[in-house]
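Inspection log for the structure reproduced underneath, given as structure tokens.
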Amino acid sequence: MRLVFAIFVGFCGIALVMFGVRGMLLSAKAGNKPQTISCEALAKFGPESNPHVIVTDFHFSPGTFVHETNDDGTWKTVWVPLFPVTAEYVAARAEVLDSKGNLKPGASLPTNNGEQFSVLLKSMSVQNEAELSAMVNSDTIQGLIVNENGTLESTERMVLRDKFSHINPDNTCWVLVHGRAPPVSGEIIARIGVGAALILMAFVVARKQTV
């Protein structure tokens, strides 16, 4: 029983150390001041030297989002593809809006359903469609690009495979975590320190078990 506990504690410690090291690497690359970048530039070139970004000139295609739900019905996590504002989109949008910016009777906003995208917005703070609408209809979105080189991790690859099957998960896709900023040095040190302490505890417990 002690050995099982030691293994569990050891894994928790390793996870914390890895999380801390990853935060350290992100913090080293990201500036405290986010760079402002258009969705088109982010999709084409990535965040380059600073993954802490404020994204502009984007639009959301109605119906193209995926969410996980808590037991109380609120959303736990939502993933939203972001598309660059192009001349074609502006022209298509102008056709369905009246002079006051309202939808014309029987018209609907243009969508990008089935199209490729290279920016995937992830939020853990949006809990319903009203909050989602407020977020994606803002002029800018601040957050942190968390996947280096645009390579997707297992969770986002699963989202694409299950909900956006027309997207090749091996293609470059930048994951923007809404509202996130680079971790401060105190948080990084705490994670690595606690993780190292847990690893040491696991080693001591396991050693006592084998003696």
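The values are calculated or read from the model by the stated rules, or taken from the named source; none is laboratory data. Just so it is clear, the structure is predicted and the values come from calculations on it, not from any experiment. Glycine gets a Cβ as well: all are built from the backbone with ideal geometry, and neighbour counts include every protein chain shown.
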Region 105-121 - residue that is modelled with pLDDT of 85 or more and in contact with a strand residue (DSSP E or B) (Cβ under 7 Å, 6 or more places away or on another chain) and, of those, nearest to Ala134 (Cα to Cα): Leu121
Lys122 being without any contact (Cβ under 8 Å) to a residue 24 or more places away in the chain and of a type in the set (Lys, Arg): no
Residue that is in a strand (DSSP E or B) and either hydroxyl-bearing (Ser, Thr, Tyr) or surrounded by 14 or more Cβ atoms within 10 Å (Cβ to Cβ) (or both), where the choices are Val177, Val126, Val159: Val177
From Ile167, Ile189, residue being hydrophobic (A, V, I, L, M, F, W, C) and either at pLDDT 65 or above or in contact with a Gly (Cβ under 6 Å, 6 or more places away or on another chain) (or both): Ile167
Region 135-156 - residue that is touching a residue at least 60 places away in the same chain (Cβ under 8 Å), in a loop (DSSP other than H, G, I, E, B) and over 14 Å from the mean Cα position of the chain (by Cα) and, of those, farthest from Phe60 (Cα to Cα): Asp139
Yes/no for Glu131 being surrounded by 11 or more Cβ atoms within 10 Å (Cβ to Cβ) and either on the phi > 0 side of the Ramachandran plot or in a loop (DSSP other than H, G, I, E, B) (or both): no
Matching strands (runs of 3 or more DSSP E) fully within region 29-118 where at least 2 residues are of a type in the set (A, V, I, L, M) and surrounded by 12 or more Cβ atoms within 10 Å (Cβ to Cβ): 52-56, 75-84
Qualifying residue in region 64-87 (condition: touching a helix residue (DSSP H, G or I) at 6+ places or on another chain (Cβ under 8 Å) and among the hydroxyl-bearing types (Ser, Thr, Tyr)): yes
Top-ranked residue in region 141-156 [being surrounded by fewer than 21 Cβ atoms within 10 Å (Cβ to Cβ) and among the small types (Gly, Ala, Ser); ranked as modelled with the lowest pLDDT]: Gly150
Positions within region 130-141 being out of contact with any Phe, Trp or Tyr (no Cβ under 9 Å at 6 or more places or on another chain) and charged (D, E, K, R), in sequence order: Asp139
